[in-house]
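First comes the structure, then the notes that go with it.
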Amino acid sequence: MSLYEASVPQMKKTLENLDRWIELGVAHAKNKSFEPDVLLQSRLAPDQWPLVRQIQSACDAAKFAAARLSGKEAPKHPDEEKTVAEIRQRITSTVQYLGSFGEKDFADASNRNIDLPFLEGNTILGKDYLNEMALPNFYFHVVTSYAILRHDGVQVGKRDFIGSLKLQEKS
């Protein structure tokens, strides 16, 4: 499996799932008669980032993975989202950005040296960056977003997390 196949399609699908969870959160808020934007400040622990920051970080993890592995520049997002509509637009923007990549963009990704700004003086090969940093970081923030919504009573389950499957009928 190529680095493209191991990253972009799955991150794109997972962000689309996340957007659906937020939609379920909006319905939950309306059903319970509270403003959906309140969910964005929810967190699991006092020292943990709120939902809005978890979603921003999941989007950043996805866009930076694609950009770094392809050698392209990632779009900038100023992290100013305050409403459900704004954070959903952030997800949509990231999904669209991921959709701009193809297999050919990742031709040299496996052996590309990735310089991370927060690890000054070090580099990491693309294949190691994806497996040891980018994917775990992405899923950390997605899972935490899921857990916050679930903790707040939003009816999301494992099937919502996994999303659609590419099933085939047996022959």
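List pairs: first residue in segment 96-115 and under 18 Å from Tyr129 (Cα atoms) and in contact (Cβ under 8 Å) with a residue 60 or more places away in the chain, second residue among the hydroxyl-bearing types (Ser, Thr, Tyr) and exposed (fewer than 15 other Cβ atoms within 10 Å of the Cβ) anywhere in the structure, Cβ distance under 7 angstrom, at least six positions apart or on different chains.
Glu103/Ser2; Phe106/Ser2
Among the residues of segment 1-32, which ones are under 19 Å from Lys166 (Cβ atoms) and among the charged types (D, E, K, R)?
Of the residues in segment 1-32, the ones under 19 Å from Lys166 (Cβ atoms) are 1-2, 4-17, 20.
Passing the criteria: Glu5, Lys12, Lys13, Glu16, Arg20.
Listed here are the residues, each with its yes/no results for (1) loosely packed, with under 12 Cβ neighbours inside 10 Å; (2) hydroxyl-bearing (Ser, Thr, Tyr); (3) at pLDDT 95 or above.
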{"residue": "Ala65", "(1), (2), (3)": "no, no, yes"}
{"residue": "Ser70", "(1), (2), (3)": "no, yes, yes"}
{"residue": "Thr92", "(1), (2), (3)": "no, yes, yes"}
{"residue": "Gln96", "(1), (2), (3)": "yes, no, yes"}
{"residue": "Gly102", "(1), (2), (3)": "yes, no, yes"}
{"residue": "Ile114", "(1), (2), (3)": "no, no, no"}
{"residue": "Leu119", "(1), (2), (3)": "yes, no, no"}
{"residue": "Asn137", "(1), (2), (3)": "no, no, yes"}
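Only one of these is among the polar types (S, T, N, Q) and modelled with pLDDT under 95: Ser42, Ser7, Ser2. Name it. If you could, list the steps in order and put the result at the bottom.
Values: Ser42 fails: modelled with pLDDT under 95; Ser7 fails: modelled with pLDDT under 95.
Answer to the check: Ser2.
Tell me, which residue of segment 130-154 that is in contact with a Leu (Cβ under 9 Å, 6 or more places away or on another chain) and not in a helix (DSSP H, G or I) is nearest to Leu51 (Cα to Cα)?
Asp152
Looking only at segment 152-161, decide whether some residue is surrounded by 14 or more Cβ atoms within 10 Å (Cβ to Cβ) and either under 14 Å from the mean Cα position of the chain (by Cα) or among the small types (Gly, Ala, Ser) (or both). Let's see the steps before the verdict.
Applying the first criterion (surrounded by 14 or more Cβ atoms within 10 Å (Cβ to Cβ)) to segment 152-161 yields 152, 154, 156, 160-161.
Keeping just the survivors that are either under 14 Å from the mean Cα position of the chain (by Cα) or among the small types (Gly, Ala, Ser) (or both) gives 161.
Checked segment 152-161: at least one residue is surrounded by 14 or more Cβ atoms within 10 Å (Cβ to Cβ) and either under 14 Å from the mean Cα position of the chain (by Cα) or among the small types (Gly, Ala, Ser) (or both).
The values are calculated or read from the model by the stated rules, or taken from the named source; none is laboratory data. Being a predicted model, the structure only gives us computed values, none of them experimental. Note that we place each Cβ from the backbone using ideal geometry, even for glycine, and neighbour counts take in every protein chain shown.
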